[in-house]
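What follows is one structure encoded as structure tokens, with my remarks underneath.
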Amino acid sequence: MAVYFDQNKYNSLREEYSFFRFQRYDYTLENATLTVKFSFSLDDKYFFHPSFEIPAKSIYNWDTLSESHLDTLLFNIGMIELVSYWKLACPKKVYVAPHFLNDEQIKWWKKLYFNGLSEFFYLNNIKENLDDFMDIVVESDNICDMICHNFSETSLVPVGGGKDSVVSLELLKNKIPVIPLIINPRAATNECVSTAGFSQEQIAVIKRTLDPTMLKMNNEGFLNGHTPFSALLAFYSLLIAFLTNSKYIALSNESSSNEPTVPNSEINHQYSKSIEFENDFRYYVDNYINHDIQYFSFLRPLNELQIAHIFSNNEDYYKKFKSCNVGSKTDSWCGKCPKCLFTWIIMSAFIPQNVLTDIFGKNLLKDKELIPILQQLNGEAEVKPFECVGTLEEVNVCLNYIIENEFVVEDVIAKLNPKYSSDINELLSAYDENNNLPAFFDSILRTNI
């Protein structure tokens with residue numbers, strides 16, 4: 001496991017840089033295209049201007065959002081964007097200039113930042129606590145408006161190009177009007193929504209740009225690490241939901257994402273995909289943004305094994321989907337990372353080995369260099385991979401299934417001793433009742449188990 005920095009580096013940067021400021025946000029709406037720029041400052045020595053654009057499409061209705069309502073949405077997007085820049089030096093003070101936050105909101109944001117950065121703190125050997133790591137100081141008394149809105153029975157479905165969002169699209173597309181949402185489209189996302197039958201005009205697109213100064217500072221010795229992208233997606237999806245009058249925002253996060261990455265801790269790479277964050281986000285939206293919109297994970301009742309089973313019945317996507325972050329820029333599976341190996345393992349119970357070999361370009365279970373990753377996935381190592389992978393039980397059940405069916409007799413798994421003896425059918429028939437699905441969505445999912 002990589003350790004980038006340490007406590008001394010963290011302490012010295014916090015001494016050198018005393019504050020971070022969310023200064024403002026600016027936007028233009030011209031020819032039905034929204035362009036937004038945020039302004040952040042680190043000690044008034046470094047300045048950051050991340051931005052995003054929503055290109056014009058007929059699916060958007062800009063007339064439904066007043067300036068004050070757009071302010072509410074953009075301000076909250078800025079609040080989640082800032083954490084990627086704050087973490088460069090982690091100054092104790094964070095000044096928020098554009099709008100007012102009450103004490104409950106400050107507490108809410110601190111919890112999100114702290115838990116969303118738990119992996120960042122852990123891998124950098126930084127010891128911190130929720131109370132002391134940050135003080136949020138509000139510099140405005142301008143309260144954001146609650147938004148009243150008339151929604152239609154439409155579901156927004158964020159698409160990342162992996163198997164999970166494919167399953168959501170396939171199960172929902174003929175049951176309810178669906179609008180796919182893509183942030184920074186790539187080949188896999190475009191091909192998945194196209195295979196699902198959506199035209200480019202039917203897809204909501206956000207083009208998000210990081211400030212190059214941050215990327216430069218990462219290479220100059222400032223702190224770096226994981227930030228909660230799914231929380232950022234949550235706030236961006238709110239904006240698109242209002243623009244498309246979509247009452248529902250249906251994520252594709254499974255029950256497996258609730259398991260911590262570091263056993264017996266609250267350190268979870270997938271924190272912002274967890275039911276805890278989902279519940280917190282729903283509370284925040286209901287109290288500070290809108291009472292009617294429904295944010296939930298459609299696949300929350302399911303585990304990774306069940307999702308892989310449903311996905312396996314959709315062969316048109318086999319050569320289209322990509323879950324590998326390493327190969328995302330080249331639209332490929334790298335064949336060397338935890339995401340690749342986990343995806344192979346979880347699908348191996350339903351897709352023949354020769355087909356998987358064709359999908360990934362090689363048989364991953366014959367690659368002995370992957371043994372250390374396999375030991376992280378099955379619980380032999382101290383921690384799971386810091387990636388979006390399934391539970392230890394799911395991996396071990398699949399490994400048992402592979403061994404029992406003698407799919408592979410290579411040394412890679414021949415000497416493994418899986419810890420769980422669960423019947424694979426037990427996981428395939430499971431249903432996690434700790435979810436937020438509206439009844440209509442719940443009935444669709446139960447029908448497809």
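The values are calculated or read from the model by the stated rules, or taken from the named source; none is laboratory data. No experiment lies behind these values; they were computed from the predicted model shown. Glycine gets a Cβ as well: all are built from the backbone with ideal geometry, and neighbour counts include every protein chain shown. Ligands, DNA and RNA are stripped out before the accessible areas are found, and what is left, the full protein with its side chains, is counted by its heavy atoms. Shrake-Rupley method; radii C 1.70, N 1.55, O 1.52, S 1.80 Å.
Side notes on the structure shown:
- Sequence of ASP280, ASP286 when ordered by accessible area, the most exposed leading, probe 1.4 angstrom: ASP286, ASP280
- Which listed pairs, of LYS163/LYS319; LYS175/LYS319; LYS57/LYS320, have C-alpha distances above 23 Å, in listed order: LYS175/LYS319; LYS57/LYS320
- Heavy-atom accessible area ranking, 1.4 Å probe, most first, across ILE54, ILE371: ILE371, ILE54
- FRET efficiency, 1/(1 + (r/R0)^6) with R0 25 Å, evaluated for GLU404 and GLU382 via beta carbons: 0.35
- Debye log10 I(q)/I(0) at q = 0.07 Å⁻¹ for the chain, Cα point scatterers: -0.35
- Acute angle (nearest 10 degrees) that the helix 338-347 long axis makes with the longest principal axis of the chain, alpha-carbon atoms: 50 degrees
- Point-to-point label distance, HIS49-LYS336, nm (Cα→Cβ direction, 7 Å offset): 3.7 nm
- Fully extending the segment from ARG446 to SER429, taken as 0.36 nm per residue of separation minus the present Cα-Cα distance, adds 5.1 nm.
- ³J(HN,Hα) computed for each position of segment 11-23 - Karplus, 6.51 cos²θ - 1.76 cosθ + 1.60, integer Hz, glycine/proline x: 5, 5, 5, 5, 6, 6, 10, 8, 8, 10, 10, 8, 7
- Calculated FRET efficiency for the pair ASP141/LYS329, C-beta based, R₀ 51 Å, to 0.05: 0.70
- Taking a point 7 Å out from the Cα of LYS37 in the direction of its Cβ, the residues of segment 199-240 whose backbone N falls within less than 13 Å of it are 211-212.
- Most tightly packed first, judged by the mean number of other beta-carbon atoms within 10 Å of their residues, the peptides 380-387, 265-272 read 265-272, 380-387.
- For the peptides 151-160, 431-440, the ranking by mean Cβ contacts within 10 Å, running from highest to lowest, is 151-160, 431-440.
- Modelled FRET efficiency - R0 35 Å, ASN150 with ASN279, Cβ distances, 0.05 increments: 0.85
- Radius of gyration and maximum dimension Dmax of segment 239-279, Cα, Å: 13.5, 42
- The residues neighbouring ASN245, those whose beta-carbon lies less than 12 Å from its own, together hold a net charge of -2 under the Lys/Arg +1, Asp/Glu -1 convention.
- For a straight C-alpha distance cut-off of 18 angstrom, the aspartates and glutamates reachable from LYS9 (same-chain residues fewer than eight places away being disregarded) are ASP43, GLU119, GLU128, ASP132, GLU220.
- Across the cross-link table entries LYS247/LYS322; LYS329/LYS384; LYS273/LYS329; LYS87/LYS336; LYS87/LYS339; LYS45/LYS247, which are compared at the Cα atoms, the separations over 31 Å belong to LYS45/LYS247.
- Inter-label distance, SER12 to SER265: 2.4 nm, where each label sits 7 Å from its Cα along the C-beta direction.
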